[in-house]
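> I am attaching a structure below and will ask some questions about it afterwards.
The values are calculated or read from the model by the stated rules, or taken from the named source; none is laboratory data. None of the values given here were measured: they were computed from a predicted structure. Virtual Cβ from ideal backbone geometry, glycine too; neighbours counted across all protein chains shown. In case anyone asks, the SASA skips ligands and DNA or RNA and just uses the protein heavy atoms, side chains included. Shrake-Rupley method; radii C 1.70, N 1.55, O 1.52, S 1.80 Å.
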Amino acid sequence: MTAARRHATHEVLNQVPPLQGYDVAADQALLDGLRREGGDWAENEVRQLGLLAGSAATQEHARLANVHKPVLRTHDARGYRIDEVEFHPSWHQLMTTAVGFGLHAAAWADARPGAHVARAAKFIVWAQAEAGHGCPISMTYACVPALRHAPDLAARFEPLLASAVYDPGLRIPDDKAGLLAGMAMTEKQGGSDVRANTTTAEPAGDGSYLLTGHKWFCSAPMCDLFLVLAQAPEGLSCFLLPRVLPDGSRNAMHIQRLKDKLGNTSNASSEVEYDRAVAWPVGELGRGVTTIINMVSATRLDCVLGSAAAIRQACVLAANYATVRHSFGARLIDHPAMTGVIADLTLESEAATTLAIRLAGAADRAARGDAAEAALLRIALPAAKYWVCKRTPVITAEALECLGGNGYVEDSVMPRLLRDAPLNSIWEGSGNVTALDVLRALARTPDAADALLAEIDLAAGGDDRLAAAAASLRDQLKEAAMAGQAAQGQARRLAGQIAVTLQATLLARFAPAAVADAFCDSRLGAGPIGPAAPFGSLPGGLDLPAILDRSTVTAG
Ligand SMILES: Cc1cc2nc3c(=O)[nH]c(=O)nc-3n(C[C@H](O)[C@H](O)[C@H](O)COP(=O)(O)OP(=O)(O)OC[C@H]3O[C@@H](n4cnc5c(N)ncnc54)[C@H](O)[C@@H]3O)c2cc1C
């Protein structure tokens, strides 16, 4: 008897091959949105990135970048501080692709209308390869509008932040072929309440400042430049802090340790101390929050894009698995209870992607001076950031369960998605803080509510459910505006209502009727926003096969 025969104890049946060699960009909601919002010219590139994202090679890079966590090297062999973080080569490979495809700051250097939409679509696609490295990519994208408050610094660094070259390593920023930027606001005593920051900024006498203090969270510390908040004599101010000074010496930004995190494992998040670190002021001194909020806002868009990506990925993995796997003589997806679960998850994915791309279109037009789109973005972005990011963990958990026990095992990728899922809701304004920002928008940007209602009214006329939802939202906005600070207890409810109503109207305008109908039937109405019950509790009489079509992909 041969060795092979001796070990052939059984035939492996009914296991689902890994979903590899597929086009992640084969996502109709995404592609339709890309065309509609002005990024049609980028479709080839989006598809190219989609094939790369779905390839076995990229999936292996993603696995390796997460299995081999970044390692902090505080000192060299002779005891000198170096404050460097080492990454696995797969991290660098993912970064090379992200920068090469312009997912970082390139859109700011692209005059074509739709440049930010094209970038958003690419971000949604590539985030499905691996989410962790999106952190420095997003921060590099988002720093530009804040940096422009210091025109000299922007003229000096923006072209390098937009460069298509990924050039890792700590060197003089002006001499590098491409730069990355991070952000350091959060301190030990609080991240939401940044006005309580204790880091000080002392004028050095030559226009620069010397920063002393700490930051409790500083992700991607190997970036070249950081926007930092610190207390100057004029009050809390925004500064640009380089890792390496123009004379080639290392700035006094000392990495204390890396965070041991729930997820986001490939990305290094650190605690740092500044010991008279050199930094240059950005924007008006004493108005640091007003300056850095430009970066926060752009990063919030990426939180929505990244969460839409995670929802889509979870949904596609679940649908693919359930299409191949059988139980009780039928494909999982054909069992009515499972059909309902995956259709319900698909509705969330369609709604998240459609809303995310609409917001990217608003960001694109706002960046080109469109005031109405800026007003819409001001209220719709925090509402979407609150809602879409909050939905992600529960959606990911449900999608994981569609794979049964296999979903709970690392090989399925689902555990990584689930661990990463809560993060977008925490950073750049945790759930409550983001929901409260909706109230701030109502109070301080009177045009915001009008812009939102005008957008919703584009669809509300043709459908009783939408008309009722629009009327209810109009009342709630009015009440919240009158109540002011007293509406804080209702902030989450209002943010959710804005996001879901906007999603419903966008789907009614742009999605197949089966999707829009099911979304309105299950998500609008007098009850709690969204399905109160777990997923898979859709009402009867819906066209579920047409919905499932949207999350079906073909492996190559
Ligand atoms: C992996 C990771 C990476 C990060 N990277 C960075 C980085 O690179 N740079 C950076 O600056 N920060 C970073 N952060 C920090 C992040 O932005 C903060 O954690 C976040 O802003 C919340 O601040 P906090 O942790 O101090 O919580 P707190 O401010 O203490 O808030 C705790 C809770 O209270 C809620 N809350 C606060 N105020 C109110 C209120 N008025 N009403 C109701 N509820 C309220 C919040 O929503 C939150 O749920 C990172 C965080 C994580 C997890």
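> How many nm separate the modelled label positions at GLU401 and ASP334, each set 7 Å beyond the Cα in the direction of the Cβ?
Between GLU401 and ASP334, the simple spin-label model gives 2.4 nm.
> Can you check what the net charge comes to around GLU37, using other residues whose Cβ is under 14 Å from the Cβ of GLU37 (Lys, Arg +1; Asp, Glu -1)?
Charge balance near GLU37 sits at +2.
> To the nearest Å, what is the center-to-center distance of segment 303-339 and segment 488-522, using C-alpha atoms only?
After rounding, the separation between the Cα centres reads 22 Å.
> Residue by residue through segment 416-432, what is 3J(HN,Hα) from phi via Karplus (6.51 cos²θ - 1.76 cosθ + 1.60, θ = phi - 60°)? Round to whole Hz and write x for glycine and proline.
Computed from phi, the couplings for segment 416-432 are 5, 4, 5, 5, 6, 4, x, 5, 4, 6, 7, 7, 6, x, 5, x, 4 Hz.
> I'd like to compare 418-428, 67-77, 451-461, 12-22: which one has the highest average count of other Cβ atoms within 10 Å, and what's the full order after that?
The most tightly packed comes first, giving 418-428, 451-461, 67-77, 12-22.
> Can you figure out the FRET efficiency of GLU202 with ILE172, using R₀ = 22 Å and their beta-carbon distance, to the nearest 0.05?
0.40
> A further question on this structure: Skipping prolines and chain starts, which residues have an amide H placed within reach, meaning under 5 Å, of the one on VAL278, given they are 5 or more residues away or on another chain?
Answer set, sorted by chain and number: LEU211, ALA252.
> In the chain, if the dipole is taken from +1 on Lys/Arg beta carbons and -1 on Asp/Glu beta carbons about the Cα centre, which of THR396, LEU240, ALA374 is farthest to the positive end?
THR396
> Under unit Cβ charges (Lys, Arg +1; Asp, Glu -1), what dipole magnitude, rounded to 20 debye, does the chain have relative to its Cα centre?
740
> Sticking with this one: For a quick protection proxy, order the peptides 491-497, 441-447 by their average other-Cβ count within 10 Å, most packed first.
Descending mean neighbour count gives 491-497, 441-447.
> Using the Karplus curve 6.51 cos²θ - 1.76 cosθ + 1.60 with θ = phi - 60°, work out ³J(HN,Hα) for each residue of segment 185-196 in order, rounded to whole Hz, and write x for Gly and Pro.
10, 5, 10, 4, 7, x, x, 5, 8, 5, 5, 7
> For segment 1-110, what does the accessible surface come to per residue with a 1.4 Å probe? Please give it in Å².
It amounts to 54 Å² per residue over segment 1-110.
> Report the one residue of SER522, ALA443, ALA220 whose Cα lies farthest in the direction of the positive end of the charge dipole of the chain (charges on C-beta: Lys and Arg +1, Asp and Glu -1; origin at the Cα centre).
After comparing all options, I get ALA220.
> Which peptide among 302-308, 43-49 comes first, and what is the full order, when sorted by highest mean count of other Cβ atoms within 10 Å?
Averaged packing, sorted descending, gives the order 302-308, 43-49.
> I would also like to ask the following. Using only Cα atoms, locate the centre of segment 155-186 and the centre of segment 1-71, then give the distance between them in Å, rounded to an integer.
Centre-to-centre (Cα) distance: 30 Å.
> Oh, and also: Just to confirm, what accessible area per residue do you get for segment 461-555 at 1.4 Å probe, in whole Å²?
47
> Please state the shape class of segment 145-211: rounded when a/c is under 1.5, otherwise prolate if a/b exceeds b/c and oblate if not, all from the C-alpha gyration tensor.
It is prolate, given that a/c is not under 1.5 and a/b is the larger ratio.
> Could I ask something else about it? For segment 339-412, what does the accessible surface come to per residue with a 1.4 Å probe? Please give it in Å².
The answer is 28 Å² per residue.
> Would you grab the residues whose amide H sits under 5 Å from the one on GLN256? Only those 5+ places off in sequence or on another chain, please, with H modelled 1.01 Å from N.
The answer is GLU271, VAL272, GLU273.
> Hey, another quick one. Checking the a/c ratio against 1.5 first, then a/b against b/c, what shape does the Cα gyration tensor give for the chain?
oblate
> Sticking with this structure for a sec: At a 1.4 Å probe, what is the % contribution of carbon and sulfur to the accessible area of the chain?
54
> Run the helix sum for the chain: -39,500 (n - 2.57) per DSSP H stretch of 4+ residues, divided by residue count, reported at 222 nm to the nearest 500 deg cm²/dmol.
For the chain, the value works out to -16500 deg cm²/dmol.
> For the pair THR9 and ARG440, what calculated FRET efficiency results from E = 1/(1 + (r/R0)^6), where r is the Cβ-Cβ distance and R0 = 51 Å, to the nearest 0.05?
After rounding, the FRET efficiency stands at 0.20.
> So what J values fall out for segment 63-76 if you push phi through Karplus, 6.51 cos²θ - 1.76 cosθ + 1.60 with θ = phi - 60°, rounded to Hz, Gly and Pro as x?
My calculation for segment 63-76 gives 5, 5, 5, 8, 6, 9, 5, x, 10, 7, 10, 6, 10, 8 Hz in order.
> From Cα pairs below 8 angstrom and at least 6 apart in sequence, can you work out the relative contact order of segment 1-100, rounded to a whole percent?
Across segment 1-100, relative contact order equals 21 percent.
> Another question, then. Indicate the gyration tensor shape class of segment 189-241 (rounded, prolate or oblate), computed on the Cα atoms with a ≥ b ≥ c the square roots of the eigenvalues: a/c under 1.5 is rounded; otherwise a/b larger than b/c is prolate and the rest oblate.
oblate
> What distance in nm lies between label points placed 7 Å from Cα along the C-beta direction at ALA467 and GLU86?
About 6.8 nm separates the two model spin labels.
> Taking amide H positions as placed in the peptide plane 1.01 Å from N, state which residues far from VAL85 in sequence (5 or more) or on other chains have amide H under 5 Å from it.
Residues meeting the criterion, in which the H sits 1.01 Å from N, are ARG73.
> Set the bar at 25 Å for Cα to Cα. Now go through LYS385/LYS478; LYS122/LYS188; LYS215/LYS261; LYS122/LYS215; LYS69/LYS215 and name every pair that lies beyond it.
Cα-Cα > 25 Å for LYS122/LYS188; LYS122/LYS215; rest within.
> How far apart, in nm, are two points set 7 Å out from the Cα along the Cα-to-Cβ line at ALA481 and at LEU245?
Reported label-point gap for ALA481 and LEU245 is 5.3 nm.
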